[in-house]
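The values are calculated or read from the model by the stated rules, or taken from the named source; none is laboratory data. This one's a predicted model, so the numbers in the text were calculated from it and none came from an experiment. No Cβ is skipped: glycine too gets one built from the backbone with ideal geometry, and neighbour counts run over all protein chains shown. SASA here: full protein model, heavy atoms, side chains in, ligands and nucleic acids out. Shrake-Rupley method; radii C 1.70, N 1.55, O 1.52, S 1.80 Å.
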Amino acid sequence: MTDAFDVTTYQRVVLFTGAGLSAESGVPTYRGAGGIWSSYPWQEVACEAAFERDPAGVIAFHRLRRQAVAACAPNAAHHAIARFLVERPETVVVTQNTDGLLERTGCRDVIELHGSLWLVRCACGERPHPDADSQQQRCEVCGDWLRPAITWFDDAVDVARFEAAAAAIAGCDLFISVGTSGLVYPAASLIEYALSEACTRVEINPEPTTFSEHFDRRISGRAGEVLPGLFASGAVRTS
Ligand code: NAD
Ligand code: ZN
């Protein structure tokens with residue numbers, strides 16, 4: 001069935017986003033051929049054990065990641081979400097991305113399930129990282145290594161962020177999943193949760209995912225092409 005879908009008829013929207021949202025910005029991928037983990041095994045750069053073994057090396061890797069992301073610009077999908085948030089501030093945006101590109105378009109209060117490349121933590125707490133090029137490795141106050149505030153492999157997801165995302169899904173009438181494969185858990189269990197709820201569920205992705213057939217509607221396309229039209233005119237064709 002193909003018919004028009006009008007986002008403006010919904011009151012409480014949750015956007016659940018993944019790496020595909022930033023694909024058109026050129027943010028390097030992690031998995032697959034050419035992905036970061038093929039050059040930098042995560043066991044050496046993206047887990048707590050690696051940080052304990054070699055904090056300076058792990059910090060240096062994340063500096064490279066920040067520089068790579070800083071060289072990318074937010075794309076039409078990020079901008080469309082930012083505009084939609086201005087018009088509809090009750091909308092909740094949940095992202096698995098750590099790149100901070102949504103924030104760079106002015107999006108506030110994004111639930112960053114996996115933390116951010118732009119945050120670090122030490123005994124003093126969590127705080128913004130100075131900048132992409134900073135060589136700083138230790139906190140000037142407590143002397144701790146500045147650990148990237150990212151959910152690494154083998155880390156538990158931040159409970160408060162996960163619960164905030166689940167609560168938003170429980171209270172929404174429209175759930176839009178965009179640019180995520182739904183393969184990374186426990187984040188993907190939030191998709192399963194939305195699929196068990198009474199809201200309308202929409203998937204935007206150029207490729208089918210393991211959850212595709214369970215969504216109420218599917219928009220096959222790139223985030224940067226679909227989202228501006230979806231949010232501007234309110235109506236797009238779905239299948
Ligand atoms: P994933 O790599 O598993 O899946 C990406 C999905 O995006 C795929 O289904 C793909 O078909 C789709 N896609 C590709 N181009 C698209 C486009 N232009 N528009 C819409 N969709 C598109 O990503 P994931 O599900 O987010 O899981 C990856 C994990 O790795 C997450 O935990 C995330 O934290 C992390 N990660 C983050 C970034 C980032 O911060 N930008 C980048 C890569 C990976
Ligand atoms: Zn400190």
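Among the residues in region 69-92, are any among the aliphatic types (A, V, I, L, M), out of contact with any Cys (no Cβ under 7 Å at 6 or more places or on another chain), closer than 30 Å to Asp144 by Cβ and free of Cβ contacts under 8 Å to residues at least 60 places away in the same chain?
yes
Here is a check on your reading of the model: is Val58 within 23 Å of Gln137 (Cα to Cα), among the aliphatic types (A, V, I, L, M) and in contact (Cβ under 8 Å) with a residue 60 or more places away in the chain?
yes
Give me the pairs, please: first residue somewhere in region 121-137 and closer than 11 Å to Arg63 by Cβ, second residue anywhere and modelled with pLDDT under 90, beta-carbon distance under 9 Å, and either six or more positions apart or on two chains.
Pairs that qualify, where the first residue is closer than 11 Å to Arg63 by Cβ and the partner is modelled with pLDDT under 90, are Gln136/His129; Gln136/Pro130.
Residues checked against (1) among the polar types (S, T, N, Q); (2) out of contact with any Asp or Glu (no Cβ under 9 Å at 6 or more places or on another chain):
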{"site": "Ala123", "(1), (2)": "no, no"}
{"site": "Arg127", "(1), (2)": "no, yes"}
{"site": "Pro130", "(1), (2)": "no, yes"}
{"site": "Gln136", "(1), (2)": "yes, yes"}
{"site": "Glu140", "(1), (2)": "no, yes"}
{"site": "Gly143", "(1), (2)": "no, yes"}
{"site": "Pro148", "(1), (2)": "no, yes"}
{"site": "Phe162", "(1), (2)": "no, yes"}
{"site": "Ala166", "(1), (2)": "no, yes"}
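Mind checking which residues of region 184-211 are open to solvent by less than 30 Å² (accessible area, probe 1.4 Å), among the hydrophobic types (A, V, I, L, M, F, W, C), closer than 25 Å to Tyr30 by Cβ and not in a strand (DSSP E or B)?
Passing the criteria: Ala187, Ala188, Leu190, Ile191, Ala194, Phe211.
Checking the condition within 11 Å of ligand 1 (Cβ to nearest atom) and within 23 Å of Leu174 (Cβ to Cβ), which residue from Ala77, Ala46, Ala68 passes?
Being within 11 Å of ligand 1 (Cβ to nearest atom) and within 23 Å of Leu174 (Cβ to Cβ) holds for just one of Ala77, Ala46, Ala68, which is Ala77.
With Ser177, Ser181 as the choices, which residue is part of a loop (DSSP other than H, G, I, E, B), under 18 Å from Thr17 (Cα atoms) and within 13 Å of ligand 1 (Cβ to nearest atom)?
Going through Ser177, Ser181 in turn, just one is part of a loop (DSSP other than H, G, I, E, B), under 18 Å from Thr17 (Cα atoms) and within 13 Å of ligand 1 (Cβ to nearest atom): Ser181.
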